[in-house]
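Report on the structure given below.
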């Protein structure tokens with residue numbers, strides 16, 4: 001006798017996924033079929049929404065690791081993963097001010113996954129400041145969380 005209140009929203013599930021992966025873990029979802037083997041529609045929708053978000057942002061989740069520099073960068077609603085020399089900055093709320101990421105060398109580029117325009121950034125000492133672009137609904141899809149990719153910033 002489940003109701004919609006018994007389920008986390010797609011947004012909450014994506015935020016949970018980001019939090020767990022950024023902490024060095026993984027996320028196991030319990031999807032239970034009905035007695036006749038069907039997956040309930042609400043569970044199907046959550047899985048499809050997560051898959052849509054991962055279609056754009058999956059490189060920031062798959063085969064990534066926890067970034068040791070995250071402790072120096074305690075920013076509300078921001079999580080970090082790394083892969084090779086690249087750092088991924090996951091924002092569960094779209095930034096309204098510059099993101100200042102400490103402990104980095106010069107980045108070769110900064111991109112917002114799923115966005116085709118330029119992202120402005122500057123380096124000062126060991127800090128990179130990212131200016132989030134102004135977005136309109138038509139410029140970026142799958143907006144439960146946003147990921148900036150900083151290329152060639154890690155040793």
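Quick one: in the range 116-155, of everything that is within 22 Å of residue 64 (Cα to Cα) and modelled with pLDDT under 90, which residue is farthest from the chain's Cα centre (by Cα)? Out of the qualifying residues, it is 155. Would you check if residue 106 is out of contact with any helix residue (DSSP H, G or I) (no Cβ under 6 Å at 6 or more places or on another chain), touching a residue at least 12 places away in the same chain (Cβ under 8 Å) and under 20 Å from residue 61 (Cβ atoms)? It is false that residue 106 is out of contact with any helix residue (DSSP H, G or I) (no Cβ under 6 Å at 6 or more places or on another chain), touching a residue at least 12 places away in the same chain (Cβ under 8 Å) and under 20 Å from residue 61 (Cβ atoms). Does the range 128-140 contain at least one residue that is assigned to a loop (DSSP other than H, G, I, E, B), on the phi > 0 side of the Ramachandran plot and in contact with a strand residue (DSSP E or B) (Cβ under 8 Å, 6 or more places away or on another chain)? No: the range 128-140 contains no residue that is assigned to a loop (DSSP other than H, G, I, E, B), on the phi > 0 side of the Ramachandran plot and in contact with a strand residue (DSSP E or B) (Cβ under 8 Å, 6 or more places away or on another chain).
Here 116, 43, 93 are screened, and the one residue that is out of contact with any strand residue (DSSP E or B) (no Cβ under 7 Å at 6 or more places or on another chain), more than 16 Å from residue 155 (Cα to Cα) and surrounded by 14 or more Cβ atoms within 10 Å (Cβ to Cβ) is 43.
Within the range 1-23, being in contact (Cβ under 8 Å) with a residue 12 or more places away in the chain and either within 13 Å of the chain's Cα centre (by Cα) or surrounded by 13 or more Cβ atoms within 10 Å (Cβ to Cβ) (or both) holds for 7, 10, 11, 13, 14, 15, 17, 18, 19, 21, 22, 23. The sole residue among 147, 78, 89 that is within 26 Å of residue 13 (Cβ to Cβ) and in contact with a helix residue (DSSP H, G or I) (Cβ under 6 Å, 6 or more places away or on another chain) is 147. Filter the range 24-40 down to the residues that are surrounded by fewer than 10 Cβ atoms within 10 Å (Cβ to Cβ) and in contact with a helix residue (DSSP H, G or I) (Cβ under 8 Å, 6 or more places away or on another chain), then identify the one that is farthest from residue 82 (Cα to Cα). It comes out as 32. Entry remark, the range 12-40: residues being in contact with a strand residue (DSSP E or B) (Cβ under 9 Å, 6 or more places away or on another chain) and part of a loop (DSSP other than H, G, I, E, B) number 3 in total. Residues of the range 48-65 that are surrounded by 15 or more Cβ atoms within 10 Å (Cβ to Cβ) and either touching a helix residue (DSSP H, G or I) at 6+ places or on another chain (Cβ under 6 Å) or not in a loop (DSSP other than H, G, I, E, B) (or both): 49, 50, 52, 53, 54, 56, 57, 59, 60, 61.
Answer yes if at least one residue in the range 138-148 is loosely packed, with under 14 Cβ neighbours inside 10 Å and over 21 Å from residue 51 (Cα atoms), and no otherwise. Checked the range 138-148: no residue is loosely packed, with under 14 Cβ neighbours inside 10 Å and over 21 Å from residue 51 (Cα atoms). Sort out which residues of the range 76-93 are under 14 Å from the mean Cα position of the chain (by Cα), outside any strand (DSSP E or B) and in contact (Cβ under 8 Å) with a residue 24 or more places away in the chain, and write them in order of number. The answer is 92, and nothing else.
The values are calculated or read from the model by the stated rules, or taken from the named source; none is laboratory data. Here the structure is a predicted model, which is why all the values come from computation and not from measurement. Note that we place each Cβ from the backbone using ideal geometry, even for glycine, and neighbour counts take in every protein chain shown.
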